[in-house]
Structures are given as C-alpha cells and as structure tokens.
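*Asks:* Below is one structure. I have some questions about it.
The values are calculated or read from the model by the stated rules, or taken from the named source; none is laboratory data. Only a predicted model underlies this, so the values are computations on that prediction, with no experimental measurement involved. Reconstructed Cβ throughout: ideal geometry from the backbone, glycine too, with neighbour counts over all protein chains shown. Heads up: the accessible areas ignore ligands, DNA and RNA and are worked out on the full protein's heavy atoms, side chains in. Shrake-Rupley method; radii C 1.70, N 1.55, O 1.52, S 1.80 Å.
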Amino acid sequence: NLLISHLLIVNKVDTADPAKVEEVFETCRTSNPDARVIKCRSVITADEPELIAGKRALVVEDGPTLTHGGMEYGAGWFAAKQAGAAEIVDAKPFAVGSIKETYEKYPPAGEILPALGYGDQQVRDLEATINATPADVVVEGTPIDLQRIITVNKPIANVAYELEEV
C-alpha cells in the first residue's frame, strides 16, 4: 500500500538553494499532483541574542545534521549570524577524541561543532572540546539542552525555530 498525503510541507524555502527548492516542488507535483503544497520557512531565534552580539561564537549543531545529513551549518549558525556574532570560531583545532575523529570522517562539518553524545565518552569529548575552544559564547542549535548533560566554561545561548508559512 502506498500512503498518499493530501498536504505536503516544503520547509526552509528561504535558506535552501532556489534550484533545489524548485526540484522538490517538481517532485511533489509529479508524485502527488492532487496534494496541496505549502511553502514554509523556519524562523530562527536565540533566547539571549545579547550574549552573541559582537562576540566570538562557538556554534554547536545537531551531530547527525552535520555528519550523515552532510550539511555544513544549521539553525545555530543562522542564529549566530542574525545576532551579530563577530566571528564563528572553528573548534577543529581544539577537538578531542571522538569529536576529532568525526571532523576527520566528515570534513564538510566546517567550523561548526557537531553535538555528539551517544555515550559517556562522546559527552566528555564534547564538553572538553567546548571548554578548550577560545570563544566567548556557545550558540546551541541542538534539540537537547547541553547544560543538562555537560558543564562548560562559557555562557550558552539556546536556539529555537518555529515553522512559518510563506
């Protein structure tokens, strides 16, 4: 049985490559011509943008987004830019253990720190990497509240996003 949806939502139309967005729309029209297609964007906000403005920001993103997803940045990166970060700090030179191995395996991760915490050692490696990276603030674009699982030596600005129809 093939499940057919009557509503298709295409998100991030404001930040994705326009050609790729059109490709997705064409796939929607071809695959399910009777479905209503809604264009959306993710409105990104930082809970404390004043912590970020003019500062050196270490952006921590959802690990799978940067690794298996192949993306170079996510909501945290956009929030840091929107809030006026003076610099996005590259954590690679300060990465330890499993974090360092992740950068070697997934080079597109760029300057963003992938939040890996699938075991105690990865959580310790994430904490050590954050604490060793010379930044003024951590911009957290992950679905988890890092402050619940690690202790860091810099303030954390949390990022959220809401779905908004275009």
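*Asks:* So THR27 ticks every box in (1) outside any helix (DSSP H, G or I); (2) without any contact (Cβ under 8 Å) to a residue 12 or more places away in the chain; (3) within 18 Å of ALA16 (Cβ to Cβ) but one. Which box is left unticked?
*Replies:* That leaves (1) as the condition not met.
*Asks:* While we're looking at this one, here's another question. Of everything in the stretch 110-129 that's out of contact with any helix residue (DSSP H, G or I) (no Cβ under 8 Å at 6 or more places or on another chain) and not in a loop (DSSP other than H, G, I, E, B), which residue is nearest to ASP90 (Cα to Cα)?
*Replies:* Among them, the one singled out is GLU127.
*Asks:* Step by step: first the residues of the stretch 37-82, then only those that are aliphatic (A, V, I, L, M) and assigned to a helix (DSSP H, G or I), then the one that is nearest to GLU164 (Cα to Cα). Which residue is that?
*Replies:* Checking each candidate, the answer is ALA75.
*Asks:* Additional query: Run ALA35 past the list (1) in contact with a His (Cβ under 8 Å, 6 or more places away or on another chain); (2) crowded, with 16+ Cβ neighbours inside 10 Å; (3) of a type in the set (A, V, I, L, M) and report the number of the one that doesn't hold.
*Replies:* (2)
*Asks:* How many of the residues in the stretch 98-109 are part of a helix (DSSP H, G or I) and open to solvent by 40 Å² or more (accessible area, probe 1.4 Å)?
*Replies:* The qualifying residues number 6.
*Asks:* Also, quick follow-up: Mind checking which pairs have a first residue in the stretch 93-112 that is at positive phi and a second that is in a loop (DSSP other than H, G, I, E, B), Cβ under 7 Å, 6 or more apart or different chains?
*Replies:* GLY110/GLU72; GLY110/TYR73
*Asks:* On to the next question. Hey, does the stretch 87-95 have a residue that's among the basic types (Lys, Arg), in contact with a Phe, Trp or Tyr (Cβ under 9 Å, 6 or more places away or on another chain) and either part of a loop (DSSP other than H, G, I, E, B) or buried (at least 16 other Cβ atoms within 10 Å of the Cβ) (or both)? Working first, answer last.
*Replies:* First, pick out the residues of the stretch 87-95 that are among the basic types (Lys, Arg): 92.
If we keep only those that are in contact with a Phe, Trp or Tyr (Cβ under 9 Å, 6 or more places away or on another chain) too, we end up with 92.
In the following step, the residues that additionally are either part of a loop (DSSP other than H, G, I, E, B) or buried (at least 16 other Cβ atoms within 10 Å of the Cβ) (or both) were identified as 92.
Yes, the conditions are met somewhere in the stretch 87-95.
*Asks:* Still on this structure, I have one more. Considering the stretch 127-148 alone, what residues qualify as being touching a residue at least 60 places away in the same chain (Cβ under 8 Å) and of a type in the set (A, V, I, L, M)?
*Replies:* First, pick out the residues of the stretch 127-148 that are touching a residue at least 60 places away in the same chain (Cβ under 8 Å): 130, 133-143, 146.
Result: ILE130, ALA135, VAL137, VAL138, VAL139, LEU146.
*Asks:* When you go through ILE130, ILE149 one by one, which is the residue that is open to solvent by 60 Å² or more (accessible area, probe 1.4 Å) and touching a Leu at 6+ places or on another chain (Cβ under 9 Å)? Show your work before the answer.
*Replies:* Numbers: ILE130 fails: open to solvent by 60 Å² or more (accessible area, probe 1.4 Å).
Checking each option against the conditions leaves just ILE149.
*Asks:* Let me ask another. Starting from residues that are small (Gly, Ala, Ser) and more than 14 Å from the chain's Cα centre (by Cα), keep the ones in the stretch 38-56 and report whichever is surrounded by the fewest Cβ atoms within 10 Å (Cβ to Cβ).
*Replies:* In this case the residue turns out to be GLY54.
*Asks:* ALA80 is checked against (1) in contact with a strand residue (DSSP E or B) (Cβ under 8 Å, 6 or more places away or on another chain); (2) open to solvent by 50 Å² or more (accessible area, probe 1.4 Å) and fails just one. What number does that condition carry?
*Replies:* Every condition holds for ALA80 apart from (2).
Residues are listed down the side, and each one gets a yes or a no for (1) at pLDDT below 95; (2) under 15 Å from the mean Cα position of the chain (by Cα); (3) of a type in the set (A, V, I, L, M, F, W, C):
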position: PHE78; (1), (2), (3): yes, yes, yes
position: GLY110; (1), (2), (3): yes, yes, no
position: GLY119; (1), (2), (3): yes, no, no
position: GLN122; (1), (2), (3): yes, no, no
position: THR133; (1), (2), (3): no, no, no
position: VAL137; (1), (2), (3): no, no, yes
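*Asks:* Which of the residues belonging to the stretch 133-146 are open to solvent by less than 40 Å² (accessible area, probe 1.4 Å) and touching a Lys or Arg at 6+ places or on another chain (Cβ under 7 Å)?
*Replies:* Result: ALA135, VAL137, VAL138.
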